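Engineer: Attaching a single structure in structure tokens format; questions to follow.
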Amino acid sequence: QVQLVESGGGLVQPGGSLRLSCAASGSISTMGFMGWYRQAPGNQRELVASMTNSGTTYYTDAVKGRITIITDNAKNTVYLQMNILKPEDTAVYSCHGAIDALRYWGQGTQVTVSE
């Protein structure tokens, strides 16, 4: 059983930056897939960014060029570097990991982009 714990959320002004962290209790190098999802009130959860163990990355169109997923296998941590934040980025961001048929979720961290 792997536990994922997110941190780094908060309130930021439009145009600002945040870096979210997802610390895993086990090795993330064994994960076939690591990703960040977000869910805003009234919306479905969406995949924001992901990385496979082969290094393939994915970004949803709305965040391309502004958000980067970074993995640090030595620290068993996955980061989401978010720049040029917009009000529409406001959501609860959750970390997700998958290995074979096993799925792991963090508890989520709130990101609010507002004046």
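The values are calculated or read from the model by the stated rules, or taken from the named source; none is laboratory data. Predicted model only: the values in this text are computed from it and were never measured. So basically every Cβ, Gly included, is an ideal-geometry build from the backbone, and we count neighbours across all protein chains shown. The accessibility values were calculated without ligands, DNA or RNA, using every heavy atom of the protein model including side chains. Shrake-Rupley method; radii C 1.70, N 1.55, O 1.52, S 1.80 Å.
Engineer: Where residues in the stretch 5-17 are within 11 Å of the chain's Cα centre (by Cα) and outside any strand (DSSP E or B), which of them is farthest from GLU115 (Cα to Cα)?
Structural biologist: Going through the qualifying residues, I end up with GLY8.
Engineer: Filter the stretch 18-49 down to the residues that are of a type in the set (S, T, N, Q), surrounded by 13 or more Cβ atoms within 10 Å (Cβ to Cβ) and not in a strand (DSSP E or B) and list them by number. It would help to see each step written out before you state the result.
Structural biologist: Keep residues of the stretch 18-49 that are of a type in the set (S, T, N, Q), which gives 21, 25, 27, 29-30, 39, 43-44.
Next, only the ones that are surrounded by 13 or more Cβ atoms within 10 Å (Cβ to Cβ) stay: 21, 30, 39.
Within the stretch 18-49, just THR30 meets the criteria.
Engineer: For the stretch 51-84, which residues satisfy the criterion of being open to solvent by less than 80 Å² (accessible area, probe 1.4 Å), under 17 Å from TYR37 (Cβ atoms) and not in a strand (DSSP E or B)?
Structural biologist: Residues satisfying the conditions are THR60, ALA62, VAL63, ARG66.
Engineer: Out of the residues in the stretch 85-97 that are in contact (Cβ under 8 Å) with a residue 60 or more places away in the chain and part of a loop (DSSP other than H, G, I, E, B), which is farthest from GLY15 (Cα to Cα)?
Structural biologist: In this case the residue turns out to be LYS86.
Engineer: Right, here's the next one. Would you call SER114 among the polar types (S, T, N, Q), in contact with a helix residue (DSSP H, G or I) (Cβ under 9 Å, 6 or more places away or on another chain) and either touching a residue at least 24 places away in the same chain (Cβ under 8 Å) or at negative phi (or both)?
Structural biologist: Judged against the criteria, SER114 is a match.
Engineer: Can you name the condition, by its number, that PRO41 falls short on among (1) modelled with pLDDT of 95 or more; (2) over 16 Å from VAL2 (Cβ atoms)?
Structural biologist: (1)
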